[in-house]
Amino acid sequence: MIIRSLVLLALLAPGVSLAHGLVVFAFVDGGDVVVEAKFSNGRLAQAGVVNVYDAVDTKLFDLPVTGGEPVRFPVDPSSGGYRIEVVTPNGHSDYWVLTPNDLKGTE
Amino acid sequence: MIRLCLLILGLGLSSNTAALAAERTIAVVSAHLGDFAQRLGGDGVEVYFPVTGDRDPALWRPSVAEIGAIQSADLILLNGAEFARWTKRTSLPRARVVDTGRSLADRFIVTQGAITHSHGGDEAHSHDGIAPQLWLDFAQAQTQAEAVAASLSQRLGLDITAAAQGLSQDLAALDARAKAVVAGADMVLGAGPGFEYFLRAYAQRSATVADVAGMEAALADLTEEARASATVLLLTTSQSSNAKALINRAMGVREVVFDFGSAAGDAGFVARMNANLDRIEAALAR
């Protein structure tokens, strides 16, 4: 355990990103998935990329984040769910998972 | 005769189907909550804990299908205290979610550190924040068990009175045993995060250490005289290498491998914690 901790400390380069600065939320609205990305101080992410994965975590496509606007994409009716990850240029990242139930608008 | 057998068989199948239909599914984020739910609910519940092997459920990330199964459960038992961060990254049905650590919020331990990393597909994580292993103070585990009991009784309508009494007695006995056993150590060190509540509840003197320098600093708190005769335990989550064990021995520290009880295991929570206390007792007797 101690050795593992030391190795981890040694491996961590200065400037490594803190993983919890970004908060991602996604929901379904009018047949679209809407993705919002905010920092924990409430500021909207102005730039970055939205990576969309399917239910088995295979990447489907990516979309740009621009100007703090929510990112939208149409729901694929045959989708088994999505994991939606947002990565900002300064290395922050977070994700949100939508299950088939979420996509149907049930619970 | 054959028709009679088939009829009996058919009735048996019907009653089994009815029993299965009545069985409630309880999704849990940690093995200790799964054990509490199973002990309390008995045959009336089926526990869903998809974290297999020795993966750490605190950092585990479920698949979309696993989240779907959790969303469908009759009850979803969370630990709280920021354990299983994935629970904050999807929609869970509020009416069926129980945060078993909620009433312990004023007892949460805030940890400090700046290590952020991830293991394979698991959560990237920092050691900043709240120590989540609430259950390692067995009085707090009892509070969590009471929250589980209340949810099974009130939300699922199960009669769990006798089972709740038995679990409560076992946890009280575990708490008393931990106090008695750990009292034999002059100082207890936790190798890395995770031991905070156990140390606060049971150790006379304690520290969380990340490396040999940290261990030396903690031992420096003891006077020269005390250091010569002190019994110091080092709790770890896995056996150290031979070299590390030699260093520990040279520093007069007795290593004890400690099972947090949150990952999947063959035994129940009380048995796993008693096994930890057995190892501490053995280390103190060396």
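The values are calculated or read from the model by the stated rules, or taken from the named source; none is laboratory data. Computed from a predicted model, the values in this text were never measured in an experiment. So basically every Cβ, Gly included, is an ideal-geometry build from the backbone, and we count neighbours across all protein chains shown.
Within region B:231-241, does at least one residue satisfy the condition of being over 14 Å from B:VAL256 (Cβ atoms), more than 14 Å from chain A (Cβ to nearest Cβ) and not in a strand (DSSP E or B)? Lay out the reasoning, then the answer.
Let us first name the residues in region B:231-241 that are over 14 Å from B:VAL256 (Cβ atoms), namely B:241.
After this cut, where a residue has to be more than 14 Å from chain A (Cβ to nearest Cβ) as well, the list is none.
No - not one qualifying residue is present in region B:231-241.
Which pairs turn up if I take residues in region A:62-80 that are farther than 19 Å from B:ILE67 by Cα and look for partners that are modelled with pLDDT under 95 and assigned to a strand (DSSP E or B) with beta carbon separation below 7 Å, at least 6 apart in sequence or on another chain?
A:GLY68/A:LEU44
Looking at (1) more than 9 Å from chain B (Cβ to nearest Cβ); (2) free of Cβ contacts under 8 Å to residues at least 40 places away in the same chain; (3) of a type in the set (Phe, Trp, Tyr), which is the one condition that is false for A:TYR53?
With respect to (1) more than 9 Å from chain B (Cβ to nearest Cβ); (2) free of Cβ contacts under 8 Å to residues at least 40 places away in the same chain; (3) of a type in the set (Phe, Trp, Tyr), A:TYR53 is out only on (1).
Only one of A:VAL28, A:VAL23, A:VAL65 is among the β-branched types (Val, Ile, Thr) and surrounded by 21 or more Cβ atoms within 10 Å (Cβ to Cβ); which?
On the way: A:VAL28 fails: surrounded by 21 or more Cβ atoms within 10 Å (Cβ to Cβ); A:VAL23 fails: surrounded by 21 or more Cβ atoms within 10 Å (Cβ to Cβ).
None of the other options fit; the residue is A:VAL65.
Take the residues in region A:68-82 that are surrounded by fewer than 21 Cβ atoms within 10 Å (Cβ to Cβ) and part of a strand (DSSP E or B); name whichever of them is nearest to the other protein chains (Cβ to nearest Cβ). Please lay out each step first, then the result.
Quick first cut of region A:68-82, residues surrounded by fewer than 21 Cβ atoms within 10 Å (Cβ to Cβ) only: A:68-70, A:72-80.
Checking the rest, the ones that are also part of a strand (DSSP E or B) come to A:72-74.
On the way: A:ARG72: 18, A:PHE73: 16, A:PRO74: 18 Å.
That would be A:PHE73.
Looking for whichever is at pLDDT 95 or above and among the charged types (D, E, K, R) here; the options are B:ARG102, B:ARG85. Which one fits? Steps first, answer last, please.
On the way: B:ARG85 fails: at pLDDT 95 or above.
Answer to the selection: B:ARG102.
Yes or no: B:LEU222 away from chain A (no Cβ under 14 Å) and of a type outside the set (D, E, K, R)? Spell out how you get there, then give the answer.
Details: away from chain A (no Cβ under 14 Å): yes; of a type outside the set (D, E, K, R): yes.
Spelling it out, B:LEU222 is indeed away from chain A (no Cβ under 14 Å) and of a type outside the set (D, E, K, R).
Can you tell me which of (1) within 23 Å of B:LEU199 (Cα to Cα); (2) more than 14 Å from chain A (Cβ to nearest Cβ) is the one B:GLU82 doesn't meet?
So B:GLU82 meets the others, but not (2).
Could you please give the count of residues in region A:83-105 that are in contact with a helix residue (DSSP H, G or I) (Cβ under 9 Å, 6 or more places away or on another chain) and either more than 7 Å from chain B (Cβ to nearest Cβ) or in a loop (DSSP other than H, G, I, E, B) (or both)?
Matching residues across region A:83-105 total 2.
Only one of (1) buried (at least 22 other Cβ atoms within 10 Å of the Cβ); (2) within 30 Å of B:LYS244 (Cα to Cα) is not met by B:ALA207, so which one is it?
Tallying (1) buried (at least 22 other Cβ atoms within 10 Å of the Cβ); (2) within 30 Å of B:LYS244 (Cα to Cα), B:ALA207 fails exactly one: (1).
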